[in-house]
Amino acid sequence: QLRRAALSVPLNIIDGYARNSTRELSHFFRISYASLQEPHYLIQFSYGEGYLRKQECQELTDLDTEIVKMLWASLRTLRQKSQ
């Protein structure tokens, strides 16, 4: 479930790039951001259930945070280009 949820993030970005439109790309970046909420929850759930150790949970959470930052930076850049 976690792999499937995590895979939807880059697949949405690829889909957005394939549309050859800044507006569509922005839309798919926002979808990717929303898609990140599922793995974020699953990481926390897995830790709570004892499937992940604290260090593993922290590493995955840090990675999640970094991906969110990259998506928002990309969205900000696209907005600036479209103005």
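The values are calculated or read from the model by the stated rules, or taken from the named source; none is laboratory data. Just so it is clear, the structure is predicted and the values come from calculations on it, not from any experiment. Every residue, glycine among them, receives a Cβ derived from its backbone with ideal geometry; neighbour counts consider all protein chains shown.
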Screening T65, T77 for residues that are under 12 Å from the mean Cα position of the chain (by Cα) and modelled with pLDDT of 90 or more leaves only T65
So, first residue touching a residue at least 60 places away in the same chain (Cβ under 8 Å) in the stretch 11-32, second residue of a type in the set (A, V, I, L, M, F, W, C), Cβ within less than 7 Å, six or more apart or across chains; the pairs are T22/L78
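Residue-by-condition table, conditions (1) exposed (fewer than 13 other Cβ atoms within 10 Å of the Cβ); (2) assigned to a helix (DSSP H, G or I); (3) basic (K, R):
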site: A6; (1), (2), (3): no, yes, no
site: G16; (1), (2), (3): no, yes, no
site: N20; (1), (2), (3): yes, no, no
site: Y33; (1), (2), (3): no, yes, no
site: Q55; (1), (2), (3): yes, yes, no
site: L60; (1), (2), (3): no, yes, no
site: D64; (1), (2), (3): no, yes, no
site: V68; (1), (2), (3): no, yes, no
site: S74; (1), (2), (3): no, yes, no
If I ask for residues that are without any contact (Cβ under 8 Å) to a residue 24 or more places away in the chain and of a type in the set (D, E, K, R), which ones from the stretch 46-83 would you list?
E49, R53, K54, E56, E59, D62, E66, K69, R76
Of residues in the stretch 28-59 being aliphatic (A, V, I, L, M) and over 12 Å from the mean Cα position of the chain (by Cα), the one farthest from I13 (Cα to Cα)
L52
Out of (1) free of Cβ contacts under 8 Å to residues at least 24 places away in the same chain; (2) under 16 Å from L7 (Cα atoms); (3) in contact with a Ser or Thr (Cβ under 7 Å, 6 or more places away or on another chain), what's the single condition that is false for I43?
(1)
